[in-house]
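Everything on this sheet refers to the single structure shown next.
No value in this document is a laboratory result; all are computed from the given coordinates. Source: prediction; values computed, not measured. As a convention, Cβ positions derive from the backbone with ideal geometry for all residues, glycine included, and neighbour counts pool all protein chains shown.
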Amino acid sequence: MAQTIQGIRGMNDVLPQESSRWQFFEQVTREWLAAYGYSQIRMPIVESTHLFIRGVGEHTDIVEKEMYAFEDSLNGEKLTLRPEGTAGCVRACIEHGLLYNQTQRLWYTGPMFRHERPQKGRYRQFHQMGIEAFGFATPDVDAEVIVMLADLWPRLGLSGMSLELNSLGDIEERAAHRAELIQYLEGYIDILDEDSQRRLYTNPLRVLDTKNPALQAMAENAPQLIDFLGEASKSHFETVKALLDDAGIAYTLNPRLVRGLDYYNRTVFEWTTTQLGAQSTVAAGGRYDGLVEQLGGKSCPAVGFAIGIERLMLLLEINEVAIPAQLPDVYVVHQGEAAARNAFTVARQLRAAGLNVIYHGGSGSFKSQFKKADQSGARFAVVIGEGEVTSLTVNLKTLIGEQQGKQEIVPQDQLAQVIRSI
């Protein structure tokens, strides 16, 4: 007997009993995105490694430690399984001229890949839904994308989400803060852990995002970027906050919220929950006005976010959100060779009329077939035997509802109409 092959650690199958929750999320979000005027874009899973080095940041954890990067053995190209969606979306927009003298509201969804230690809510293959709004420099669009998520949670039947907000300012402001922050952190070099020492001169903002309990007091007292903001950045941020206030959306200002990607500027935000333990961030994003130019396009302001779908699936499960059942309308039961052929045709006719139909494959006694019909959750069983083949009728049996158990003989050419009328 051949040895079985196991799935790769941290890359999970979504089984049939779980997929209805994913389909519910996909249906709700498609309607939600349409309500805000977003159009779908689909990008490849594999991109040039250089895209992420330039776009995400050479000294980020993603590029340094987490990317699935490899050399194509056929042509020597350096390729990477995408660790996030924004860089690929920007690349596609530049390549296909989508940003030239126009605005774009785009969304995408699919798998992303990071080589992390797998744990609940954090996987090596994970799925995100992201949106990107290009060509909008004003703070009202920052506020709108945050409000979008506030509108999504009740559509999904979720509550208890918290919003954290910060501003990273512009390049010059971050440079001034960076210099003072490094000087401050150098005073604590002896207590910095290995990760913080590695980031000290390459990505010092991320030192403030440490989860190490021994470094919390140091991080709390560090120079805050928000104190370095100029008038334009302050005004932008104040308008975002005012619009959120107008919308009745509560938020917490978190000066240590810096995000793990280099391309962000000005507004950054996270929606979090207390229900998932350490993996508390469910959606996050912000403004990235310099990324398009950094990747070879003309300067173009942009803002967006990404949602962690696996974490939302966990929340739907924890909160016991009722997922609409996707059940068949009809289960077709048959007995005998001629009946099986006739039942096959009847099933196709019912599907053509817009009904969801399971045709009983193979043979089996009426008793065993009815058992499977009950298990399927179908509202009706259509029963065809030799007599029904001759008379071109079916025995229609109601399996669910007030008329459960009711049977009637129905001409085959009227069957779909009768089922719809019940």
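Looking at the stretch 297-326, the GluC sites (Glu not before Pro) that sit in a DSSP loop and have at most 16 other Cβ atoms within 10 Å of their own Cβ are Glu320. Amide H to amide H distances under 5 Å link Ile307 with Met129, Gly130, where only residues 5 or more positions off or on other chains count and H is placed in the peptide plane. Computed from the C-alpha gyration tensor, the three semi-axes of the ellipsoid equivalent to the stretch 153-311 are 26, 21, 16 Å, from longest to shortest. The spacing between the stretch 62-118 and the stretch 291-340, judged by their C-alpha centroids, is 21 Å.
In order along the stretch 116-131, the Karplus-derived 3J(HN,Hα) couplings, from 6.51 cos²θ - 1.76 cosθ + 1.60 at θ = phi - 60°, round to 10, 6, x, 7, 4, x, 9, 10, 7, 10, 9, 10, 10, 10, x, 10 Hz, and Gly and Pro are given as x. Against the main long axis of the alpha-carbon atoms of the chain, helix 366-376 sits at an angle near 30°. Stick to the Cα atoms of the stretch 16-78, pair each with every other, and give me the Kirkwood hydrodynamic radius in Å at one decimal. Computed over Cα pairs of the stretch 16-78, the Kirkwood hydrodynamic radius comes out at 15.2 Å.
Pairs from the table (Lys211/Lys241; Lys65/Lys241; Lys241/Lys298; Lys65/Lys120; Lys78/Lys298) lying more than 31 angstrom apart at Cα are Lys65/Lys241. The Kirkwood radius of the stretch 18-127, taken over pairs of alpha-carbon atoms, gives through the Stokes-Einstein law at 10 °C and 1.306 mPa s a diffusion coefficient of 101 µm² s⁻¹.
For Lys367, a cut-off of 22 angstrom between C-alpha atoms picks up these lysines, skipping any fewer than 8 places away in its own chain: Lys397, Lys406.
For the stretch 127-235, trypsin sites (Lys or Arg not before Pro) are listed when DSSP marks them as loop and at most 13 other Cβ atoms sit within 10 Å of their Cβ; the list is Lys211. Which angle between 0 and 90 degrees, to the nearest 10, do you get for helix 139-155 versus the longest principal axis of the chain when only C-alpha atoms count? Helix 139-155 sits roughly 40 degrees off the main axis of the chain.
In terms of its C-alpha gyration tensor, the stretch 187-228 comes out oblate, because a/c is 1.5 or above while a/b does not outweigh b/c. Computed log10 I(q)/I(0) for the stretch 330-422 at 0.12, 0.18, 0.23, 0.26 Å⁻¹: -0.30, -0.71, -1.24, -1.61, from the Debye equation with unit scatterers placed on every C-alpha and solvent omitted. The angle separating the long axis of helix 16-35 from the principal Cα axis of greatest extent in the chain is about 60 degrees. In a DSSP loop and with at most 11 other Cβ atoms within 10 Å, the trypsin sites (Lys or Arg not before Pro) in the stretch 276-323 are Lys298. One quarter of the surface of the convex hull around the alpha-carbon atoms of the chain equals 28.6 nm², the direction-averaged projected area. Rg/Rh for the stretch 295-337 stands at 1.42; both radii use Cα atoms, and Rh follows the Kirkwood definition.
With loop membership from DSSP and a limit of 14 other Cβ atoms within 10 Å, the longest segment of the chain without chymotrypsin sites (Phe, Trp or Tyr not before Pro) is 202-422.
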